[in-house]
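Peer 1: This is the structure, below, for whatever I ask next.
The values are calculated or read from the model by the stated rules, or taken from the named source; none is laboratory data. Being a predicted model, the structure only gives us computed values, none of them experimental. Cβ placement follows ideal geometry from the backbone for every residue including glycine, while neighbour counts extend to all protein chains displayed.
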Ligand code: SAM
Ligand code: SF4
């Protein structure tokens, strides 16, 4: 394979490419497999078999991985989990990662519970943007879907993130028929006045999905038809930074956008530019399947990671086969840094 691509803008190290020519500049880092929620589609009520503390990468080790990968073209990071904000002193990790030469952009995926108290400190530490997950705007339903009542108020969390200067702020909604699909219009309405990017995600057959069925999946075309009852929709570019697999639309005159992410009815693997680091230091080149390379043990032995990274990219699958599979049994997204 050709591991290196062309020199990037600004004279940076050339971006690594996988064997299908996709340039890989984006690493999602899971800092914990634990969570303060138990979302019905993600984790069992009783939790999972948590990783032993000794297996989890320390902040110094995470920074060590990023320091070795940045010269290979890594530019953008996303901190995720589990729930990343429950790991103590997350702002210190973000500050250290932002100081690594070559790292231009750091994002966070969070359930948003702690955003009202943490957003300002995270921004000050160097966080650029945030995705928060919220599946309902109704307090009782929020607690029922998360199986925890932590007083989470999605609009408050989004307002705190916007006020802290995080940009863009995206709000991810997993749409489930008969559970929260009656709130699609309410979520979309937020974008009329808030500079918020609301993204509706098709439910995926992973983790806790066994008790949910195909009938709970709401295709994106149906979601957009409901959104269009608020006003004419036109295709939008979406946020300038951090454009991932979502397709964006704007309701006429709206401050924000509405996006759909469609893992179940469409694939977007052809433009996939990301790899993942699990909390216990394994590199995953695809969210699905079993392609993993252990970086933690070589790192702890002081060995160079570049050859392992290059090899892992040479094995990055061309695409996942979720659409064909449509079955349960895959690992929970919380365990692989979804
Ligand atoms: N705890 C953080 C959060 O909830 O945003 C970060 C980790 S969570 C695993 C990342 C994203 O995966 C969330 O937006 C969540 O809604 C989504 N997710 C988890 N399980 C899913 C499933 N079965 N189908 C679709 N999305 C899922
Ligand atoms: Fe926790 Fe996020 Fe999974 Fe919900 S989706 S249980 S918040 S990791």
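Peer 1: Please pick out the residue among 99, 107 that is within 16 Å of ligand 1 (Cβ to nearest atom) and out of contact with any helix residue (DSSP H, G or I) (no Cβ under 7 Å at 6 or more places or on another chain).
Peer 2: Selected residue: 107, the only one of 99, 107 that is within 16 Å of ligand 1 (Cβ to nearest atom) and out of contact with any helix residue (DSSP H, G or I) (no Cβ under 7 Å at 6 or more places or on another chain).
Peer 1: If we scan region 73-85, do we find a residue that is at pLDDT 95 or above, assigned to a helix (DSSP H, G or I), out of contact with any strand residue (DSSP E or B) (no Cβ under 8 Å at 6 or more places or on another chain) and surrounded by 16 or more Cβ atoms within 10 Å (Cβ to Cβ)?
Peer 2: no
Peer 1: Please enumerate the residues belonging to region 40-72 that are crowded, with 19+ Cβ neighbours inside 10 Å, in contact with a helix residue (DSSP H, G or I) (Cβ under 9 Å, 6 or more places away or on another chain) and at pLDDT below 95.
Peer 2: Selection gives 40, 41, 42, 43, 48, 69, 72.
Peer 1: Restricting the search to region 133-142, which residues are within 15 Å of ligand 1 (Cβ to nearest atom) and either in a helix (DSSP H, G or I) or surrounded by fewer than 16 Cβ atoms within 10 Å (Cβ to Cβ) (or both)?
Peer 2: Selection gives 141, 142.
Peer 1: Output the residues belonging to region 25-39 that are buried (at least 22 other Cβ atoms within 10 Å of the Cβ) and under 10 Å from residue 147 (Cα atoms).
Peer 2: 37
Peer 1: Whether any residue in region 122-130 is under 16 Å from the mean Cα position of the chain (by Cα) and either surrounded by fewer than 18 Cβ atoms within 10 Å (Cβ to Cβ) or within 16 Å of ligand 2 (Cβ to nearest atom) (or both) is what I want to check.
Peer 2: Within region 122-130, one or more residues are under 16 Å from the mean Cα position of the chain (by Cα) and either surrounded by fewer than 18 Cβ atoms within 10 Å (Cβ to Cβ) or within 16 Å of ligand 2 (Cβ to nearest atom) (or both).
Peer 1: Shifting gears a bit: On the given criteria, is residue 332 within 16 Å of ligand 2 (Cβ to nearest atom), modelled with pLDDT of 85 or more, within 18 Å of residue 29 (Cβ to Cβ) and in contact with a strand residue (DSSP E or B) (Cβ under 9 Å, 6 or more places away or on another chain)?
Peer 2: no
Peer 1: Report whether or not residue 189 is more than 16 Å from ligand 2 (Cβ to nearest atom), surrounded by 16 or more Cβ atoms within 10 Å (Cβ to Cβ), at pLDDT 95 or above and not in a helix (DSSP H, G or I).
Peer 2: Considered against the rule, which asks whether it is more than 16 Å from ligand 2 (Cβ to nearest atom), surrounded by 16 or more Cβ atoms within 10 Å (Cβ to Cβ), at pLDDT 95 or above and not in a helix (DSSP H, G or I), residue 189 comes out as no.
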